[in-house]
Amino acid sequence: WVIGEWKLNDITGSVFSGNYREMLRLHAPTFAHGCQDIGFMPDIDKFNPDYGLLYIGYGDGGSNNIKRPELGHHLRSFLGTIMRIDPAGKNSRNGKYGIPIDNPFVNESDPEILKEIYAFGFRNPHRMAWDTRAHHRMIVTDIGEANIEEINVIEKGGDYGWPNREGNFGIATTRDLKS
C-alpha cells in the first residue's frame, strides 16, 4: 500500500501533467485489510492545528487470519491503526512527510514506537467521517471478524481492542485457538 501525492500543473488540462511523490509505503502480511480510507478533517480553517493533516486508516493486514495476531495491536507496527501525518512536513524517518508534534505518541522515548499512530487496535478501519457539529469528532467504522461491526468515536491515543475484543465482547483470536 502506497500513500502518494499527485500535483497537477494545470487543472484545466485534458491530459495529466504534473508530479508524483511517494510519502509512505506500508507492508502487510496478506492482501486483506490494508489501507482502506484516507482523509483530511473537513470544514476547518487554516488556523486550526488539524488543517492539512492526513488521517490514514490501515487494517491488520489479515494477521489474525494467518494466526499471527501479535503482528498488530502495539505501537511498533502500523497494522490496525489510524495514522495522522503532515504531507507538507519532513520530520518522518524517511523525510518525505511530517509527524505532527501533538500526535499522542510523539514524545515516547522508545525509538521503535511509530509516532505517526493516532489510535490503534483496529481490525479493518474501513471508513472515516467527522461530526462537524461536535467539535469535529472523528468516527470510524471497523469491520468485525464474525458477528460484530463497530462504529467508534476516535479518541487521540485510543486503544480499540482488536484482536482481543470486538465491540464490548472479548473474543478468542486465532492465537487462543488450537489448530
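Which number in (1) assigned to a loop (DSSP other than H, G, I, E, B); (2) at pLDDT below 95 marks the one condition that His126 misses? Every condition holds for His126 apart from (1). If only residues of segment 105-140 that are in contact with a Gly (Cβ under 8 Å, 6 or more places away or on another chain) and more than 18 Å from Gly39 (Cα to Cα) are counted, the one that is surrounded by the fewest Cβ atoms within 10 Å (Cβ to Cβ) is Phe105. Only one of the numbered conditions (1) outside any loop (DSSP other than H, G, I, E, B); (2) surrounded by fewer than 16 Cβ atoms within 10 Å (Cβ to Cβ) is not met by Asp102, and that is (1). Does Ile11 qualify as being open to solvent by 30 Å² or more (accessible area, probe 1.4 Å), closer than 21 Å to Phe120 by Cβ and among the β-branched types (Val, Ile, Thr)? Spelling it out, it is not the case that Ile11 is open to solvent by 30 Å² or more (accessible area, probe 1.4 Å), closer than 21 Å to Phe120 by Cβ and among the β-branched types (Val, Ile, Thr).
Across segment 18-74, the number of residues qualifying as in contact with a helix residue (DSSP H, G or I) (Cβ under 9 Å, 6 or more places away or on another chain) and either surrounded by fewer than 18 Cβ atoms within 10 Å (Cβ to Cβ) or not in a loop (DSSP other than H, G, I, E, B) (or both) comes to 1.
Scanning segment 97-134 for residues that are charged (D, E, K, R), closer than 29 Å to Tyr20 by Cβ, touching a Phe, Trp or Tyr at 6+ places or on another chain (Cβ under 7 Å) and in contact (Cβ under 8 Å) with a residue 24 or more places away in the chain yields no hits at all. Of the residues making up segment 105-123, those that are part of a loop (DSSP other than H, G, I, E, B) and among the hydrophobic types (A, V, I, L, M, F, W, C) are Phe105, Val106, Ile113, Leu114, Phe122. If Met83 passes every condition in (1) open to solvent by 50 Å² or more (accessible area, probe 1.4 Å); (2) within 15 Å of the chain's Cα centre (by Cα) but one, which one does it miss? If we test Met83 against (1) open to solvent by 50 Å² or more (accessible area, probe 1.4 Å); (2) within 15 Å of the chain's Cα centre (by Cα), just (1) comes out false. Mind checking whether some residue in segment 74-84 is closer than 12 Å to Leu54 by Cβ, modelled with pLDDT of 95 or more, out of contact with any Ser or Thr (no Cβ under 9 Å at 6 or more places or on another chain) and of a type outside the set (Lys, Arg)? Looking through segment 74-84, at least one residue is closer than 12 Å to Leu54 by Cβ, modelled with pLDDT of 95 or more, out of contact with any Ser or Thr (no Cβ under 9 Å at 6 or more places or on another chain) and of a type outside the set (Lys, Arg).
Taking the criterion of being charged (D, E, K, R), free of Cβ contacts under 8 Å to residues at least 40 places away in the same chain and part of a loop (DSSP other than H, G, I, E, B), the residues of segment 140-161 that qualify are Glu149, Glu155.
The values are calculated or read from the model by the stated rules, or taken from the named source; none is laboratory data. From a predicted model like this one, the values you see are computed outputs, not experimental measurements. Using ideal geometry, Cβ is built from the backbone for each residue, glycine included, and neighbour counts are taken over all protein chains shown. We work out accessible area using only protein heavy atoms, side chains counted, and drop any ligands, DNA or RNA first. Shrake-Rupley method; radii C 1.70, N 1.55, O 1.52, S 1.80 Å.
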